[in-house]
Every structure is written in C-alpha cells, then in structure tokens.
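Some notes on the structure that comes next.
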Amino acid sequence: MAWDPGSKAVLRTPLGLMLHTGDLPYPEIVRYAQTAEASGYDQLLLTEESGKEAFSLLALLAQGTERIALGTGIVSFYTRTPTLLAMAARSLFELSGGRFGPLGLGTGGIGFMSRGHGVPLDRPVGRARETVEIVRSLLTESRTTYPGRWFKVEDFHLREGPLPAGSPLPIWLAALGPQMAKMSGKVADGLITNWLIPESLAEFRSLVREGAESAGRDPAAVTIASLTMVCADPGDEEAVMAARRGVAFYCASLHYHHIAELAGLGEEARRVYAAWESRDFDGAAHLVTDHLLERFTLSGSDADSSARLRWMLDEGVVPIIYPLPRRSRMVEDHFLVLRRAAAWAGRG
C-alpha cells in the first residue's frame, strides 16, 4: 500500500509505548517513563517475559510519573489466577492515582510458557474469557461468584472493594488468530495485535464486530491496538540488522504466518521460519527480506514512518511503539526511538 504523508487529520487517538522489562536497568526505566510522559505519549505498557516482574515495576513507575497511563502489554493469564490479576490491577489503580490501564492479557510466548514455566497453552480462548469476566467482576461488583470450567470463584470480594464508580479499567486481550479476536469482541475492551497492515486491520475489525454483535455489544467500544516495531536508525547497518532479528523472531511463530500471507509474503516468512527452527538464528535474520522489513516495521524514511503512524492514528488504532534496539546501544536506542516516534506523531 502507498502511504500518504500528506494527511492533515487531527490526531486524537492515544499513542502508546512499550518496554520489555529486562532490557534496561531500573533507573533508566524510570527515566524512560518520565521522558515518554514529557514527550506526549499517552500510555506506557510493560510486557513480561523473562525480565523484571511487571507489576512491581509498574508500582515504581507510578511513583515516578504524574500523567501517563501505565499498563501491561502483555502479562500471561496462565501464570496468575484471575483473582491475583484483579488484586494487582486494583493495587496499581490506587498507587497510580487511577492511571493504571489497560490490563493487557495474553497467553505469552509458547517458548516462555513451555520452557520457563512448564505450562502448556491449553484452551487459551476459553481461559481468556473466564479470566476477563472474573477480573472485571472483581473490579466492579461487591461480590463475585463464577462457576467456570478452569476457575471457580464463590462469593468472593476484594478487601478494598470494587473500583470507585465511574472508574473503568480497560482489559485488553492479545490476539492474532480469529477465535481470540472474536473473543476480544465478546468480552474485552480492546485487542492488542502486531504486524498491523491494512489487510489485517480489516480482518480484525470484521472478527471483533462478529464477536461483539454475538454478545450484544457495540463493536466500536472495543479498541484495536498494535505493537509497532521501529528500527532505531535505518541508515545504520547494525540497527537494520537488529530490526531484521526482530522480524525473524516473529516469523519463527506460525501464528504470524497468516498475516504474512495477507501481505503476500508467506513464502518469505516460511524461509525465515525454517532457518530459525534449525537454530540458525543469524541466518534467519539475514533471510528477512527488505519486503518483510518494510511491511512490518517502521524502518524507512521519517516521512514514510510518519505517514504509516498517522495512518494508524487516523484509523483509530492505538500504536504501541516497540523499539528494536542495537545490542551495543540498548539504552540509547530506546530513547532514540521514543523521541523519533513522538515527532512522527506530532507529539511532545
């Protein structure tokens, strides 16, 4: 698709920023959050894999910031019960002065779950539904009883009670496949995806609409957000290779191949996948073509990157800026991407 840098639309959609919790030391993470706030970002989301624990770090950031919303994007609903997730959300809502949200939930990466937790990803869509419904009930109702298949809650409440009336805390689900996208429409306040292109946006909107209407909900009430991977410096070979590694990592997951097919790049993604499966990680990165890189990351000129980011904002999609840093410039590249993307979006 040709990206039109001439859009004059007023940007009102929130702009998000994400951070892998293991990538920066604590003082730099606090500075990162403060810089994001000063640069006009609306929300900072932490993703939890094998780095720092997300909720304790968010509590620290709540004390070091004043305006920016703080959320998760994502934490796994296999590693915490719905009740514990509700307790964490309730606590962070208080610690942040009502700035916590969204609570972004997902399965977590298959490798992280199987190798790190020893947890099989069994029946994710059904578990997602029960988790969202229980968490929402605990945060909004005085008492909760939920006779679920995986989780059973009986006449339970949080000691501090539900959130104050009129204080919604959005719950988003990570979704790539059709069933989880439909479930987002049925029960969640938002959907978080990745590799967003016009073709996948149209498909997600259709799936969310189908799920929402089947549950008697308004599809417009379900936010669509997307991780938006950004190359730190398109003119630097090391930075471009870092971006290729980032794309290769996702090509290694079959869940992304449908989006690659929509983009007409399925065969290229499969070649990267085969190299990754053979544990030739460097070879997989080198197999990421310019087409894959350009389609699924912001790695072109400032004008092109700005146009693509503004396209998302104009479409009402929340971009969650996802830095792809050079290993030799981990801290510097996080801040470089933060500032470049804020400028592209006309923030700051």
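The values are calculated or read from the model by the stated rules, or taken from the named source; none is laboratory data. Everything numeric in this text was worked out from a predicted model, so none of it was measured. Cβ atoms come from the backbone with ideal geometry, glycine included; neighbour counts cover every protein chain shown.
Among the residues making up region 138-193, those that are surrounded by fewer than 21 Cβ atoms within 10 Å (Cβ to Cβ) and of a type in the set (S, T, N, Q) are THR140, SER142, THR145, SER167, GLN179. Among the residues of region 81-94, not a single one is surrounded by fewer than 16 Cβ atoms within 10 Å (Cβ to Cβ) and touching a Gly at 6+ places or on another chain (Cβ under 9 Å).
Quick check on region 72-89: of everything there that is in contact with a strand residue (DSSP E or B) (Cβ under 6 Å, 6 or more places away or on another chain) and either in contact (Cβ under 8 Å) with a residue 60 or more places away in the chain or part of a helix (DSSP H, G or I) (or both), which residue is nearest to TRP344 (Cα to Cα)? Give the derivation first.
Let us first name the residues in region 72-89 that are in contact with a strand residue (DSSP E or B) (Cβ under 6 Å, 6 or more places away or on another chain), namely 72-74, 77, 89.
Going one step further and asking which of them are either in contact (Cβ under 8 Å) with a residue 60 or more places away in the chain or part of a helix (DSSP H, G or I) (or both), we end up with 73-74, 89.
Values: GLY73: 22, ILE74: 25, ALA89: 32 Å.
Among those residues, the one meeting the criterion is GLY73.
Of the residues making up region 201-213, those that are in contact with a Gly (Cβ under 8 Å, 6 or more places away or on another chain) and small (Gly, Ala, Ser) are GLY211, ALA212. Please work out if LEU292 is over 18 Å from the mean Cα position of the chain (by Cα), closer than 15 Å to THR228 by Cα, touching a residue at least 24 places away in the same chain (Cβ under 8 Å) and not assigned by TED's automatic domain parsing to the domain that holds MET180. For LEU292, the condition - over 18 Å from the mean Cα position of the chain (by Cα), closer than 15 Å to THR228 by Cα, touching a residue at least 24 places away in the same chain (Cβ under 8 Å) and not assigned by TED's automatic domain parsing to the domain that holds MET180 - is met.
Determine if region 123-136 includes at least one residue that is among the aliphatic types (A, V, I, L, M), over 16 Å from the mean Cα position of the chain (by Cα) and more than 29 Å from PRO162 (Cα to Cα). Steps first, please.
Step one: filter region 123-136 for residues among the aliphatic types (A, V, I, L, M), giving 125, 128, 132, 134-135.
This time we only want the ones that are over 16 Å from the mean Cα position of the chain (by Cα), so: 125, 132, 134-135.
Imposing the further condition that a residue be more than 29 Å from PRO162 (Cα to Cα) reduces the set to none.
No - not one qualifying residue is present in region 123-136.
If we keep just the residues of region 38-68 that are touching a helix residue (DSSP H, G or I) at 6+ places or on another chain (Cβ under 7 Å) and at pLDDT below 95, which is surrounded by the most Cβ atoms within 10 Å (Cβ to Cβ)? Among them, the one singled out is GLU48. Of the helices (runs of 4 or more DSSP H) that lie entirely inside region 230-280, those containing 1 or more residues that are in contact (Cβ under 8 Å) with a residue 60 or more places away in the chain and more than 23 Å from PRO198 (Cα to Cα) span 237-251. Taken over region 30-71, residues that are part of a loop (DSSP other than H, G, I, E, B) and not hydroxyl-bearing (Ser, Thr, Tyr) amount to 10. Selection of region 143-163 for residues being under 25 Å from LEU70 (Cα atoms) and touching a residue at least 12 places away in the same chain (Cβ under 8 Å) yields HIS157, LEU158, GLU160, GLY161, PRO162, LEU163.
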